[in-house]
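The structure appears right after this line, and notes come after that.
Quick note: the coordinates plus some simple rules give every number you see, no bench work behind them. This structure is a prediction, so every number in the text was calculated from the model and none was measured. Methodologically, a virtual Cβ is constructed for each residue, glycine included, from the backbone with ideal geometry; neighbour enumeration extends over all protein chains shown.
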Amino acid sequence: MKLLLALQVILAALATAQDDDVAISCIRTLPGSISLTAVSAISTAKLPPVRLMSTGKANVSSLVVCSDCGLPAPTWTLSGGVLRAGTTEAAYYNLFVEPNTSPSFGRSGFIPPPQFPIYCAVPAVAGSRKGYLALRGTTKDFYTCDNLIPTFAPTDRKDVFWKVDPNNATYPR
């Protein structure tokens, strides 16, 4: 089952900083940390928190929505279009995202990972501390899909995907 998802950004302070080359409605740098929560774009149902979950590849995690799986809800920052997640164990940087895949994050080590400035925040209304996360300029292409391997993950886990092809009969990866 696919559910259209909006990733809501709640700012620690009013968002006024932005890059010159980005439209006024899409802010690539936000002051301080942000809170990232999932909200359904088609219902008022409350969703569990956004977390990072290991993909099974070394030092790579992807976005999931669940109450008790993966890494605890991280501290998020957005700087120059790069989305970072800080957990108690490490920092994670967003990786390049292709359609029909999950937004993934690489764990930083001694050598910083490549930077992919593909994220920005769109304010819900002018001057608001609430907005939505955009990937490559759009906020409307995030989806959650039921996790099909419940033996390895809690049954309430939903995997977050970007630009899912509705005609694709297979589980997106």
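Can you tell me the FRET efficiency between Asp141 and Ser43 if r is taken as the Cβ-Cβ distance and R0 is 22 Å, rounded to the nearest 0.05? Could you put the intermediate results ahead of the total?
On the way: r = 18 Å, r/R0 = 0.82.
Efficiency, from the Cβ-Cβ distance: 0.75.
Applying 1/(1 + (r/R0)^6) with R0 = 22 Å to the Cβ-Cβ distance of Gln115 and Asn59 gives a FRET efficiency near 0.85.
Once R0 is set to 35 Å, what does the formula 1/(1 + (r/R0)^6) return for the Cβ-Cβ distance between Val125 and Asn100, expressed as a FRET efficiency to the nearest 0.05?
Numbers: r = 32 Å, r/R0 = 0.90.
About 0.65, to the nearest 0.05.
If we count every other residue with Cβ under 13 angstrom of Gly32's Cβ, Lys/Arg +1 and Asp/Glu -1, where does the sum land?
On the way: positive: Arg84, Arg129; negative: none.
Here the count lands on +2.
Stretching the chain fully between Ser25 and Glu89 yields a gain of 19.7 nm (0.36 nm per residue, less the alpha carbon separation).
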